[in-house]
Amino acid sequence: MPEKLRIPFHNHSNQKHLYSGSMVLSEACLSKLIQAHFKSNVCKIADIVFIHTNICNGNYNPHSNVILAEGALFSSN
């Protein structure tokens, strides 16, 4: 996350909603990218998205981490 957005993100009145929305957005973007790769909007992906709020030196730096399974599932096959 850009440094100038970290303080508003940290001081947000509903962090749970903000973090949840960030994870949903990350998954949606990744899903669209995979669908574009396979040139199909019916494929599904398997992924896990989670938020880290600190880096190794302890500074507040919210960012998404994603674990993506290989390939995509086409329910019609």
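Can we say Met1 is in a loop (DSSP other than H, G, I, E, B), of a type outside the set (S, T, N, Q) and in contact (Cβ under 8 Å) with a residue 40 or more places away in the chain? For Met1, the condition - in a loop (DSSP other than H, G, I, E, B), of a type outside the set (S, T, N, Q) and in contact (Cβ under 8 Å) with a residue 40 or more places away in the chain - is met. Selection of the stretch 37-65 for residues being β-branched (Val, Ile, Thr), open to solvent by less than 70 Å² (accessible area, probe 1.4 Å) and in a strand (DSSP E or B) yields Val49, Ile51, Thr53. Consider Asn41 carefully, then state whether it is without any contact (Cβ under 8 Å) to a residue 60 or more places away in the chain, more than 12 Å from the chain's Cα centre (by Cα) and over 30 Å from Phe74 (Cα atoms). Taking the combined requirement at face value, the residue does not satisfy it.
Under 7 Å between Cβ atoms, which residue pairs at least 6 apart in sequence (or on different chains) link something in the stretch 48-77 that is under 17 Å from Pro2 (Cα atoms) with a partner that is open to solvent by less than 50 Å² (accessible area, probe 1.4 Å) and among the β-branched types (Val, Ile, Thr)? That search, which allows pairs on different chains as well, returns Tyr60/Thr53; Pro62/Ile51; Pro62/Thr53; Ser64/Val49; Ser64/Ile51.
Counting the residues of the stretch 25-34 that are free of Cβ contacts under 8 Å to residues at least 12 places away in the same chain and either within 20 Å of Asn61 (Cα to Cα) or not hydrophobic (A, V, I, L, M, F, W, C) (or both) gives 2.
The values are calculated or read from the model by the stated rules, or taken from the named source; none is laboratory data. What you see is a predicted model, and the numbers here were worked out from it, not measured in a lab. Because the Cβ atoms are built from the backbone with ideal geometry, glycine has one as well, and the counts that use them run over all protein chains shown. These accessible areas exclude ligands, DNA and RNA; they are computed on the full protein's heavy atoms, side chains included. Shrake-Rupley method; radii C 1.70, N 1.55, O 1.52, S 1.80 Å.
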